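What follows is a short report on a single structure.
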Amino acid sequence: MTKDNIDLAGSKILIVDDQPLSIKLMEALLNQKGFDTTSANNGLDALKYLEDNTPDLVMLDVMMPGMSGFEVSMKMRENPQTADIPVIFVTARDDADTISKCFEAGGNDYAAKPLRIYELLARVKLALTSSLHKKRARASEEALEESKTFLKKIIDENPAQIFVMNADSKFLLTNNKFTDYLALTSEQIIGKSTTDFEGDPVRSLILRNLIKDSQKALSEQQSKHSFEMPFTDSDGIDHWLLCTRLPFIFHHEKCVLGINLDFSNLKHAEIEKKKLEEQLVQSQKMEVIGTLAGGIAHDFNNMLAVILGYTDLAKNTLPKEAKQINHLNEVTKAGTRAKDLVKQILNFSRQTEIQHTDISITVIAKEVIKMIKSTLPSNVEFTSNIDPETPFVRGDQTQMHQVIMNLCVNANQAMPDGGTLTLSMTRFNRDACTFAIPPELDGDYVHISIQDTGMGMDESVQKRIFEPYFTTKEIGKGTGMGLAVVHGIINQHSGNISVESTIGKGTTFHILLPSCEKAMEKTEAGQSVSYFGKERILIVDDEPMVGELVKETLNLQGYETTLFKDSTEALEHFTAKPNGFDLILSDYMMPNMTGDKLAIEIRKVNAEVPIILATGYSNNITREAALQLGITDFLMKPIVGDELCKAVRLCLEGQVASDQTKP
């Protein structure tokens, strides 16, 4: 160990000398001190050795045949691989000229022959130590440069804006993110103060915002100062910045480190989260409404079944020319409308299945016109332009009614000071179209338009009107769900809805629905279709009025019926006579045992008997689930009169009536 605590033992030394005795002498001296020596007899051998090896020191004789030590040293210095290896010349001549040539040839030191042991060892240790210090210094410089490059990359690539400025507001450091906001380079900012940019008002304003509170942090000597700040960049884009100001001393000068982190995404997420929380509250309210709707649907549909059913029975007992039939027809219309309203409520709360059939959209429009006219204030004029040749569409009749009614109600509400509401309907003419349509819409469509002359909407509102819970109405006057539901229904029907609106002139909603040429099956008003039969039918319904109505309706058609109000008693009776019935007609929602469980038990006894399951709402069971259980047909209440008899007849004949109305 040296006085600098550097362990030189094991250092590799190459001895180059044409005198074997000199080599042996130097090897003996150096090996004794722990050095690892290798020798070469001439300059060429030495250079060849250096091609594959890197010793820590070369002891080089000056006078050698073929190639002198000076030549070997100069070739070493020309080669990057050996340029930094220290060289000690060994010479028998120690005159000034020789010594000068030693250093000119790249030598680090020299030793005169005859060699003196302690002098030689001292020179060897000095050369090795000096070389080691140089290596370490070079490594430190490289590491420092790497650290500076690494630190600069971290600063420049940092997503936050970073700057350092002194008490004179002069910039000492900036990163790319900071300069990007100013549309400048670091070279254009570093060394300058904020006053140097006053000639550019826009850039000066942005700069003052970016360095906000920097001088305040310096003057108040705060350890750290953080705050949030809204900020608009040179492109007019709004941001939110989380700013930190940290005073520190740099080269005996007070400075401040500024960091501005753009957290606009987090801020917007926070705003969006609050919005979603508000929507969740609204959604929970809607869920409560949906639950309530499902809860009352069963009882309400049972009451409607009784009203419609007994009205139908009453009509069948009267002569065709009786005046009372017209009165009863009005009761049937009102009951059917109430049935459709219940279906609308259940559709809205997602508790009933959507049934797509070929429907006449003009018939639905006329129904809406009749209803909407009675609700419009006197200062709103209603006009319609319904083309009688408008094709049919494939869809759900109740939902189409809901769409047109909803848009008409919205149009009325958009005209508090009065105006004109126009409903138009025709076959879509692509060549005469005046509004934008998606390019993917191909084929034939029905065009429905609802136009008002009300307040109109600006572009920002038009972009959001179909968003759930978005509303421009006052609190308590709208949920923001109406147009969202309309948009969803049109999408379910593979259609398109768009809006045109001008402030102060009014709004037009355009609806395109795929058309179909197939006509609906029609029957004359009041015409009764016969579905007679003599089969035995087991009826299970816990509502006495409904059960008796179904029993009487089927009895009039010639069927032999047995009615049970309790599903467990019905199962016991059927188990005792598993072949005693040709068809089972059961309600779904019953105490003790629901209709689907009853069907499962019946199937264990008789796998062939047809089973019809009827329900007022399908929150707990769907048609697909019922069919998977082995149920033959699945009907939505209220189903009475000819509709009931038709379903029973077709089921007995091996057909399924509801196949015709599946979505």
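The values are calculated or read from the model by the stated rules, or taken from the named source; none is laboratory data. Please read these numbers as outputs of a predicted model, since none were measured by experiment. Cβ atoms come from the backbone with ideal geometry, glycine included; neighbour counts cover every protein chain shown. Quick note on the areas: whole protein, heavy atoms, side chains included, nothing else; ligands and nucleic acids left out. Shrake-Rupley method; radii C 1.70, N 1.55, O 1.52, S 1.80 Å.
For segment 567-591, name all the residues that are without any contact (Cβ under 8 Å) to a residue 40 or more places away in the chain, open to solvent by 30 Å² or more (accessible area, probe 1.4 Å) and touching a strand residue (DSSP E or B) at 6+ places or on another chain (Cβ under 8 Å). Quick ask: steps written out before the conclusion?
We begin by selecting, within segment 567-591, every residue without any contact (Cβ under 8 Å) to a residue 40 or more places away in the chain; these are 567-579, 588.
Still in the running and open to solvent by 30 Å² or more (accessible area, probe 1.4 Å): 568-569, 572-573, 575-579.
Across segment 567-591, the qualifying residue is only HIS573.
So is LEU44 assigned to a loop (DSSP other than H, G, I, E, B) and open to solvent by 10 Å² or more (accessible area, probe 1.4 Å) or not?
When the stated conditions are applied, LEU44 does not pass them.
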*How many of the residues making up segment 360-404 are in a strand (DSSP E or B) and within 39 Å of the chain's Cα centre (by Cα)?*
4
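Only one residue in LEU128, LEU184 is surrounded by 14 or more Cβ atoms within 10 Å (Cβ to Cβ) and in contact (Cβ under 8 Å) with a residue 60 or more places away in the chain. Which one?
Details: LEU184 fails: in contact (Cβ under 8 Å) with a residue 60 or more places away in the chain.
Just one listed residue meets the conditions, LEU128.
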*asked:* Let me spell it out: the conditions are (1) free of Cβ contacts under 8 Å to residues at least 40 places away in the same chain; (2) surrounded by fewer than 18 Cβ atoms within 10 Å (Cβ to Cβ); (3) not acidic (Asp, Glu), and THR37 meets all of them except one. Which number is the exception?
replied: (2)
_Residue, modelled with the highest pLDDT, within segment 246-292, restricted to residues that are open to solvent by 50 Å² or more (accessible area, probe 1.4 Å) and under 19 Å from GLY191 (Cα atoms)_ = ILE259
*Go through segment 419-455 and count every residue that is modelled with pLDDT under 90 and open to solvent by less than 70 Å² (accessible area, probe 1.4 Å).*
8
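I'm trying to understand the selection: among the residues of segment 204-257, which are among the hydroxyl-bearing types (Ser, Thr, Tyr) and in contact with a Phe, Trp or Tyr (Cβ under 6 Å, 6 or more places away or on another chain)? Steps first, answer last, please.
Taking segment 204-257 and keeping what is among the hydroxyl-bearing types (Ser, Thr, Tyr), we get 204, 214, 219, 223, 226, 232, 234, 244.
Answer for segment 204-257, where residues must be among the hydroxyl-bearing types (Ser, Thr, Tyr) and in contact with a Phe, Trp or Tyr (Cβ under 6 Å, 6 or more places away or on another chain): just SER204.
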*Search segment 472-494 for residues that are modelled with pLDDT of 80 or more and pair each with any residue that is of a type in the set (Val, Ile, Thr) and outside any helix (DSSP H, G or I) when their beta-carbon atoms are under 8 Å apart and the residues are at least 6 apart or on different chains.*
LEU483/ILE465; VAL486/ILE497; HIS487/ILE497; ILE490/ILE497; ILE490/ILE511; GLN492/ILE354; HIS493/VAL393
*List pairs: first in segment 66-95 and touching a residue at least 60 places away in the same chain (Cβ under 8 Å), second charged (D, E, K, R) and in a strand (DSSP E or B), Cβ under 8 Å, 6+ apart or cross-chain?*
VAL90/ASP61
*Considering only residues that are of a type in the set (Ser, Thr, Tyr) and open to solvent by less than 50 Å² (accessible area, probe 1.4 Å), look in segment 303-349 and name the one that is modelled with the lowest pLDDT.*
SER349
*asked:* Of everything in segment 89-122, what is buried (at least 17 other Cβ atoms within 10 Å of the Cβ), aliphatic (A, V, I, L, M) and in contact with a Lys or Arg (Cβ under 6 Å, 6 or more places away or on another chain)? Give them in sequence order.
replied: ALA111
*Give me a count of the residues in segment 244-283 that are under 17 Å from the mean Cα position of the chain (by Cα) and among the aliphatic types (A, V, I, L, M).*
4
_If I go through segment 236-258 residue by residue, how many of them are farther than 20 Å from LYS224 by Cβ and acidic (Asp, Glu)?_
1
_All positions within segment 535-549 that are part of a helix (DSSP H, G or I) and either surrounded by fewer than 17 Cβ atoms within 10 Å (Cβ to Cβ) or out of contact with any strand residue (DSSP E or B) (no Cβ under 8 Å at 6 or more places or on another chain) (or both)_ = PRO544, MET545, LEU549
